[in-house]
Each structure stands twice: as structure tokens, then as C-alpha cells.
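A short write-up of the structure that comes next.
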Amino acid sequence: MSSTDSAADQRIAYMDGDSALPRLNGELVFEAPWEGRAFGLAVALTDQGACEWEDFRAGLIAEIADAPSAPSDQADVPSAYYERWLAALARLAVSEGLVSQDELDLRTGEYASGEREDDHW
Amino acid sequence: MSGEHEGEHHPSPEPYAALRTRALESLLVEKGLIASDVIDEIVRTFEQDIGPLNGAKVVARAWVDPEYHRRLLEHGTEAIADMGYQGAQGADIVVLENTPTVHNVVVCTLCSCYPWPVLGLPPAWYKSEAYRSRTVIEPRAVLREFGLELDESVEVRVWDSSADVRYMVLPERPTGTESLSEAELVELVTRDSMIGVAKAGSPAVVA
């Protein structure tokens, strides 16, 4: 039940000083930049009243419950959790009318094709 | 293979979720619903400022200050806010005291509710299907896997977090720590001890 040790984890574990990654919980807070952005988006939208945290939470519960149960060796992949988080957030943004499904799909495609780039993160 | 020249697009190597997140963020920014620097700030705060150290300070204060101890158990959210930690998305934080006869452990069976202001973001295992489902069914077995063997006489109480209430455990003060200062006690309080899957460290263990 502990987090898995990969070679990459081992390398990160020995990084210190200025190169140290945030490990306040004894492990990385976010495994990839997009996870932090997805997390921050949900907090920012609810902080600013664009949507209700409780609605987001209900959507997250539904996404987690609906996700096909992964094989036991993949069940604890951290990114899977934030993928569900993102799915819940996108669904809520569409249902609240903040963005449309079409423009979200179109924009995703533009980033995928390289037509649009963004190195803000 | 096509040659490279100006204006040609190269497919992004990023995973779909990253592209989707970029798409959602850029649209929300364009519509004026959020500002990118607000998200920068939230991410930075959770990565660098908010972590289990906040909770450890709350626990150490409760260990040395009987009046704070009493208030923490009676009005957790307020007592924690007094230390400057707040913002649990509107949820109350209830503090559960572990004693020689009662051991509390916290889970969120439905998602991953967690007392962010005092513990930061949850560890990967807290979000796992295994922990969320098994802790309620067989808490002693789960605790044993974390290396925590409890006597059969100890009552184990499992607390399922909800939208309204998020739980934090006040671990037992380790024996032999009577002479330690509050700051020294903070060092003994681990994240896992505040979730209830471990006990607070003893001075010899936390070298």
C-alpha cells in the first residue's frame, strides 16, 4: 500500500538543494505539471464563484465510480486520479455553460496538432 | 519524412490529459473567468507552503497547551484557523484524539476529501481504490500493512470524510517526551500519524 519505488523516484529522492522537487508529503505533490494546473483550475473556479465546490466534488465521485476498474497493478497510478479530476472539471465547466463541448474539443485538437502552443507552465 | 520549415506544426508529445488541461485553462482565461497567475499562485502554495507541517504545529500546540487541546477537540475548524490555517472548501475540520484505548483512522471512501489546510494534498495511497475500500472493511489489516500493530483491546474507529466534514487525527504524545519543547515535538508528528495509519514518532526513532 506504499507508493511504488521506480528508478525515477529513486533519482528524485536524492535530489536536494535548489534542484529538490517539492515533497512536502514525502512524495511529489503533483506528478506532472498538468496535474497541478487541473487542480488549480478547480480551486480557482470555485474560489471565484464560477461553480460550486460541492458540484465539482459530486462530479469527481461519479467519475471515480464510473471509471472501469483497472487491473490491481494499475489501480494506484497517480495520474489516473487526476485524469478523473480533469474529466469531472471539464464536464462541470460544460454543464455550467462556462465553455462549450465543441470549443473544448477543438482547442484540445489545436494543442495536439501543434497548431497552438503554450509554454506558460 | 517531411523537411522542417517555418510555419509547420509538430504534433505535441504531451499526454491527452495535459492537452485537455491546456485547452480548458486557455478557454477559461480568454473568457475572463480565471487568471493564469491565480492558478500559478494556487499551485505554488500547495507545492511549497501547505503541507503536513501545518498539522504538526497544531498537534504539538495541543500537546503542550491544555486549553488549546480542549478547544481543538471541541471546535477544530476555529482552533486551526487561530494558527492561521484555513480554506477547506467550506468544510469543517473535526479533530479526533487517539488514546491508549481508542485509535482513529481517516478515509474518504467516495473520493479523496482531506484536510488540506493542515495536511496539504493527500498522498497517492490515500486516493487509491484499495485504501478507500478496504479501510472501512478491515481497518486492522490495513493498519498492519502500514506497520501499525494494535492490541486487540484497542477500539479502532474509522471516519469517512464527507463534503461537510474533514477529519484530522490528534496522535498520542509519545512517552519520554516530557522535556521536549513545542518546536522539538513538531518534529515527531508525521503526516501518517495525523491520518491515523501510524503513531507519532518517538525521539529515538526520528533521529
Margin query: Rounded to whole Å, give me the distance from the Cα center of the stretch B:56-89 to that of the stretch B:93-128.
Written below: 16
Next item on the list: Grab the other residues whose beta carbon is less than 12 angstrom from that of residue B:183, score K and R as +1, D and E as -1, and report the net.
Entry: -1
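Under a Cβ-Cβ cut-off of 10 Å, what is the net charge of the residues other than residue B:9 that fall near it, where Lys and Arg count +1 and Asp and Glu count -1?
On the way: positive: A:116; negative: A:110, A:115, A:117, B:8.
Charge balance in the 10 Å sphere: -3.
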Next item on the list: In whole Hz, with x marking every Gly and Pro, tabulate ³J(HN,Hα) for the stretch B:38-54 from phi via Karplus 6.51 cos²θ - 1.76 cosθ + 1.60, θ = phi - 60°.
Entry: 5, 5, 3, 5, 4, 4, 4, 4, 6, 6, 10, 9, 9, x, x, 4, 4
Item checked: Unmatched cysteines, chain B - criterion: no other Cβ of a Cys under 4.7 angstrom -> B:111
Notebook entry, point to check: So what's the net charge close to residue B:31: Lys and Arg +1, Asp and Glu -1, counting the other residues with Cβ under 14 Å from its Cβ?
Noted result: -3
Notebook entry, point to check: residue B:160 to residue B:44: FRET efficiency via 1/(1 + (r/R0)^6), r the Cβ-Cβ distance, R0 41 Å, to the nearest 0.05?
Noted result: 0.85
Check: Any idea how far apart residue A:47 and residue B:8 come out in nm if each label point goes 7 Å out from Cα toward Cβ?
Finding: 4.3
Item checked: Pairwise label distance in nanometres, residue B:172 with residue B:140, each label 7 Å out on the Cα-Cβ vector -> 1.7
Margin query: To check my understanding: the extent here is largest minus smallest coordinate of the Cα atoms along each principal axis. What are those three numbers for the stretch B:1-112, in Å, largest first?
Written below: 73, 31, 24
Next item on the list: Grab the Cα-Cα distance for residue B:99 and residue B:181, subtract it from 0.36 nm times how many residues apart they are, and report the gain in nm with one decimal.
Entry: 27.4 nm
Notebook entry, point to check: How big is the shadow of the Cα convex hull of chain B, averaged over all directions, in nm²?
Noted result: 17.1
Item checked: Amide H within-cut-off set for residue B:97, under 5 Å, with H built and near neighbours excluded -> B:170
Note to self: Give me the summed buried accessible area for the B-A pair, 1.4 Å probe, to the nearest 100 Å².
What the structure shows: 5200
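With all protein chains present, how much of the accessible area of chain B (probe radius 1.4 Å) comes from carbon and sulfur, to the nearest whole percent?
52
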Note to self: At 7 Å along Cα-to-Cβ for each site, give me the label-to-label distance between residue A:101 and residue B:78 in nm.
What the structure shows: 4.8
Margin query: Amide H of residue B:157 versus every other amide H placed in the peptide plane: which residues, excluding those fewer than 5 positions away on the same chain, fall under 5 Å?
Written below: B:103, B:104, B:105
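As a check on your grasp of the helix formula, calculate [θ] at 222 nm for chain B: sum -39500 (n - 2.57) over DSSP H runs of n ≥ 4, divide by the residue count, round to the nearest 500.
Taken over chain B, the calculation gives -11000 deg cm²/dmol.
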Notebook entry, point to check: How far is the Cα center of the stretch B:15-34 from the Cα center of the stretch A:101-121, in Å?
Noted result: 8
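The values are calculated or read from the model by the stated rules, or taken from the named source; none is laboratory data. Predicted, not measured: the structure shown is a model, and the values here were computed from it. FYI the Cβ positions are ideal-geometry reconstructions off the backbone, even for glycines, and counts take in every protein chain you see. Ligands, DNA and RNA are excluded from the accessible area calculation, which covers all protein heavy atoms including side chains. Shrake-Rupley method; radii C 1.70, N 1.55, O 1.52, S 1.80 Å.
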